[in-house]
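Visitor: Dropping the structure in here first, questions after.
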Amino acid sequence: MDDTTDLHLLTARLNQQFATQVADSPLGAPSGGELNWAAVAAFYAAVHYVNACLWEVARIEPRNHGDRQKHIATWPMLSLFLPEYLALFDYGFRVRYVAGFQIRHDDLHALVAQNLSVVRQTVERRLGADVP
């Protein structure tokens, strides 16, 4: 794999690791801020998984979130996880920009365990990479 691909995968893994640690912590242990930032980290893990795939397969580097979503929606392999990606995007947006929004612990857990997992596994299959 290309160095740029590897850097995207490393960034994705680090973001996923943080999100997973917070999501898997005992109920009530993480603070509201930790839960919210874990949702942001989960979204950015997905961003970097997608960027790794786009770069490795076609040397495409999306300019912004809209550009990335367009590629996800139009590439048959990536479109398989469009609903999961959009859920990650939605939570990541709301925790950053909606005043007072607080993600619930069980919603964060589902977001990481289900939505991010689908994105990761799809990219892993496409790249033939061992993406934890």
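The values are calculated or read from the model by the stated rules, or taken from the named source; none is laboratory data. Keep in mind the model is a prediction, meaning the values are calculated, not measured. In this analysis, Cβ positions are derived from the backbone assuming ideal geometry, glycine residues included, and neighbour counts consider all displayed protein chains. Accessible surface areas use protein heavy atoms only, side chains included; no ligands, DNA or RNA. Shrake-Rupley method; radii C 1.70, N 1.55, O 1.52, S 1.80 Å.
Visitor: Tell me the carbon and sulfur percent of the accessible area for the chain, rounded to whole percent, probe radius 1.4 Å. Don't skip to the end; give the middle numbers.
Guide: Numbers: 3610 of 6560 Å².
That fraction is 55 percent.
Visitor: So what is the 222 nm mean residue ellipticity for the chain from helices alone, if each DSSP H run of at least 4 adds -39500 (n - 2.57) and you divide by all residues, rounding to the nearest 500 deg cm²/dmol?
Guide: Details: 7 runs with 95 residues, N = 132.
Using -39500 (n - 2.57) per qualifying helix, the result is -23000 deg cm²/dmol.
Visitor: A further question follows. Of S25, F89, A41, which is farthest along the charge dipole of the chain in the positive direction, counting Lys and Arg as +1 and Asp and Glu as -1 at C-beta?
Guide: Comparing the listed Cα positions along the dipole, F89 ranks first.
Visitor: Kirkwood Rh over alpha-carbon pairs of region 12-70, then Stokes-Einstein at 25 °C and 0.890 mPa s: what D in µm² s⁻¹, rounded to an integer?
Guide: 197
Visitor: Please compute the contact order of the chain in relative form: average sequence separation of alpha-carbon pairs under 8 Å and at least six residues apart, divided by the residue count, as a percent.
Guide: Working: 161 pairs, mean separation 45.0, N = 132.
The normalised contact order for the chain reaches 34 percent.
Visitor: Expressed as an acute angle from 0 to 90° and rounded to the nearest 10, what is the orientation of the C-alpha long axis of helix 32-58 relative to the principal long axis of the chain?
Guide: Here the helix axis deviates by roughly 0 degrees.
Visitor: Let me ask you something else. Given a 1.4 angstrom probe, what's the average accessible area per residue across the chain, in square angstrom?
Guide: Numbers: 6560 Å² over 132 residues.
Heavy-atom SASA per residue in the chain reads 50 Å².
Visitor: Compute, for the chain, the length of the dipole vector about the Cα centre, with Cβ point charges of +1 (Lys, Arg) and -1 (Asp, Glu) only. Units Debye, rounded to 20. Don't skip to the end; give the middle numbers.
Guide: Details: 11 positive and 14 negative charges, 67 e Å.
Dipole magnitude for the chain comes out near 320 debye.
Visitor: Using only Cα atoms and rounding to the nearest 10 degrees, what angle (0 to 90) does helix 82-97 make with the longest principal axis of the chain?
Guide: 50
Visitor: Any idea what angle helix 117-127 forms with the longest principal axis of the chain, computed on alpha-carbon atoms, 0 to 90 degrees, nearest 10?
Guide: 20
Visitor: Run the numbers for D106 and T74: contour at 0.36 nm per residue of separation, minus the present Cα-Cα distance, in nm. Don't skip to the end; give the middle numbers.
Guide: Details: separation 32, 0.36 × 32 = 11.52 nm, distance 3.11 nm.
In short, 8.4 nm is gained.
Visitor: Based on the mean of other Cβ atoms within 10 Å per residue, sort peptides 60-66, 102-108, 44-50 so the most packed one is first. Show your work: numbers first, answer last.
Guide: On the way: 60-66: 11.7, 102-108: 16.6, 44-50: 24.7.
Per-residue mean Cβ counts within 10 Å order the peptides as 44-50, 102-108, 60-66.
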